[in-house]
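Enquirer: One structure follows; several queries about it will come next.
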Amino acid sequence: MIYRVKLKNFYSFKNEVEIRFSDDKKESISSTYFSDAFGNRISKVAMFIGPNASGKTNILKIIPFLSYFICDSFRPSGGLEEEIIFKPFFFTNKKEHSYFEIDFSDNNRRTFYYKVEMTTDRVFFEKLDIRELGMRKSRNIFERKYSNKDKKYNFKFRDRNLFGLSIKDAAKIRDNVSVISAAAYSNNEISKEIYSYFRNKIISNSIAESGKIDNKTDDFLEAINFLRSRLDIKKEVEDHLIKFDTGVKSIIVDEKGNNESPKIYGRHNYFGNEYDLPIKYESTGTKNIISTLRLILPSLRSDLGAVVIDELDSDLHPYMIPEIINIFTSKEYNPKNIQLIFSSHSVQAMNNLDKNQIILIEKDGKSGVSDAWHLSDVKTKEGKKIRSNDNYYGKYMSGKYGAIPNFDN
């Protein structure tokens, strides 16, 4: 589970932005939250909403970026000349530092607090704290800080053997590599747990360094191939296609011999008779529903921590988004409390969420700087907080919360 992320100088975000996926204030009781062993109330769903080109995709990149940096920045050989794969704020000096924080837990026995400061060339500061279940405070595991004066790193380890690295070994870690990534190769318990969390417990839909890849055809074909081998998930997808009133009753895969590609059909009812329509004639929305459900449904049956989806509403009717949200908030479909973190233009879905679960994104037209804030942080003209029973959709559309297109620029 992810509790919180913070970023600065990252793509279109120049200034510091903090996003919370937990609610310590406990202002409302809702099935869209769950409690962990530490007593934190964690949101099952978080929605980023704002105009086109406001920075929604950019802010979602923070999680897959940290996943890459923690898991893949270290390689036993090579990589010395490579830059760290991200972009600082587009219109700033590349030497300005970028800053990231993430608080997360893989289970109910320890919580991790990770901080890192860097440019694309070098890590300047890296720190990991852990709070064990039953402990009142967190404890520091390691700290790494670059000295511009001495041109070297200074390290602090709570226990030299705790993280699988000696000070001497740590000093050999390259400038563009995470200590966690390097320590994972030392077969250390803590580093392996963190590595496994980011490698295996978080999935995202094509959020790459260059942006969201337009590969919908490949996504759909991959989904069909997956469903051919997982008939249990295929049945769930078909049940939802019926519920969503797509007209498709089932997906028919006509397997061919001689290594020929199978023919795929959507089965429809027409006045009591069944007809199989070649899948290429199904709507783009129907295909995208299948691709999205293929990503979501297996995730809810696994030990994942979070599903990160950019443009969840792509080619979908706005009424579909609340239904997908309901899948994640349902105890039946989501008994393991997997988090859904997504961006969308479906403003109607705002009324299906709590004000703490809605994050508004806006970009300043003059500076090109994106900003993000929780709806719960918005105040009325009288200085009062937004009420939990407000019509979020109506007030957002009227411009009271900001983060809407400005056609006067």
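Enquirer: Starting from residues that are open to solvent by less than 10 Å² (accessible area, probe 1.4 Å) and assigned to a helix (DSSP H, G or I), keep the ones in the stretch 40-69 and report whichever is nearest to Met1 (Cα to Cα).
Expert: Taking the candidates together, the pick is Ile63.
Enquirer: Looking only at strands (runs of 3 or more DSSP E) that fall completely inside the stretch 121-190, which ones have 3 or more residues that are of a type outside the set (D, E, K, R), open to solvent by less than 80 Å² (accessible area, probe 1.4 Å) and touching a residue at least 24 places away in the same chain (Cβ under 8 Å)? Walk me through it before giving the result.
Expert: Details: elements: 123-132, 139-147, 152-157.
Passing ranges, in order: 123-132, 139-147.
Enquirer: Would you be able to say whether some residue in the stretch 316-324 is over 17 Å from the mean Cα position of the chain (by Cα), surrounded by fewer than 21 Cβ atoms within 10 Å (Cβ to Cβ) and either outside any loop (DSSP other than H, G, I, E, B) or among the polar types (S, T, N, Q) (or both)? Walk me through how you get there before you give the answer.
Expert: Initial filter on the stretch 316-324 (over 17 Å from the mean Cα position of the chain (by Cα)): 316-320, 322-323.
From what's left, surrounded by fewer than 21 Cβ atoms within 10 Å (Cβ to Cβ): 317-319, 322-323.
From the residues that got through so far, the ones that are either outside any loop (DSSP other than H, G, I, E, B) or among the polar types (S, T, N, Q) (or both) too are 322-323.
Yes, because at least one residue in the stretch 316-324 is over 17 Å from the mean Cα position of the chain (by Cα), surrounded by fewer than 21 Cβ atoms within 10 Å (Cβ to Cβ) and either outside any loop (DSSP other than H, G, I, E, B) or among the polar types (S, T, N, Q) (or both).
Enquirer: Here are Asn140, Asn188, Asn154: which of them is touching an Asp or Glu at 6+ places or on another chain (Cβ under 7 Å), over 21 Å from Ile85 (Cα atoms) and of a type in the set (S, T, N, Q)? I'd like the intermediate steps shown before the answer.
Expert: Details: Asn188 fails: touching an Asp or Glu at 6+ places or on another chain (Cβ under 7 Å); Asn154 fails: touching an Asp or Glu at 6+ places or on another chain (Cβ under 7 Å).
Being touching an Asp or Glu at 6+ places or on another chain (Cβ under 7 Å), over 21 Å from Ile85 (Cα atoms) and of a type in the set (S, T, N, Q) holds for just one of Asn140, Asn188, Asn154, which is Asn140.
Enquirer: Here's a follow-up. How about the stretch 328-409: which strands (runs of 3 or more DSSP E) wholly inside it have at least 2 residues that are at pLDDT 75 or above and among the hydroxyl-bearing types (Ser, Thr, Tyr)?
Expert: Details: elements: 339-344, 358-363, 370-374.
In the stretch 328-409, the matching strands (runs of 3 or more DSSP E) lie at 339-344.
Enquirer: Could you identify the single residue in Ser370, Ser330, Ser376 that is more than 19 Å from the chain's Cα centre (by Cα) and farther than 24 Å from Pro298 by Cβ? Show your work before the answer.
Expert: Values: Ser370 fails: more than 19 Å from the chain's Cα centre (by Cα); Ser330 fails: farther than 24 Å from Pro298 by Cβ.
Result: Ser376 is the single residue among Ser370, Ser330, Ser376 that is more than 19 Å from the chain's Cα centre (by Cα) and farther than 24 Å from Pro298 by Cβ.
Enquirer: Do we have Asp106 as outside any helix (DSSP H, G or I), in contact with a Gly (Cβ under 9 Å, 6 or more places away or on another chain), touching a residue at least 40 places away in the same chain (Cβ under 8 Å) and not β-branched (Val, Ile, Thr) here?
Expert: For Asp106, the condition - outside any helix (DSSP H, G or I), in contact with a Gly (Cβ under 9 Å, 6 or more places away or on another chain), touching a residue at least 40 places away in the same chain (Cβ under 8 Å) and not β-branched (Val, Ile, Thr) - is met.
Enquirer: Still on this structure, please answer the following. Take the residues of the stretch 70-101 that are among the small types (Gly, Ala, Ser) and modelled with pLDDT under 90: which is most open to solvent (accessible area, probe 1.4 Å)?
Expert: Initial filter on the stretch 70-101 (among the small types (Gly, Ala, Ser)): 73, 77-79, 98.
Among the residues that remain, those that are also modelled with pLDDT under 90 are: 73, 77-79.
On the way: Ser73: 8, Ser77: 89, Gly78: 47, Gly79: 5 Å².
The residue in question is Ser77.
The values are calculated or read from the model by the stated rules, or taken from the named source; none is laboratory data. Remember, predicted model here, so these are calculated numbers, not experimental data. Neighbour counts run over all protein chains shown; Cβ positions are idealised from the backbone, glycine included. Only protein heavy atoms, including side chains, enter the accessible area calculation; ligands, DNA and RNA are left aside. Shrake-Rupley method; radii C 1.70, N 1.55, O 1.52, S 1.80 Å.
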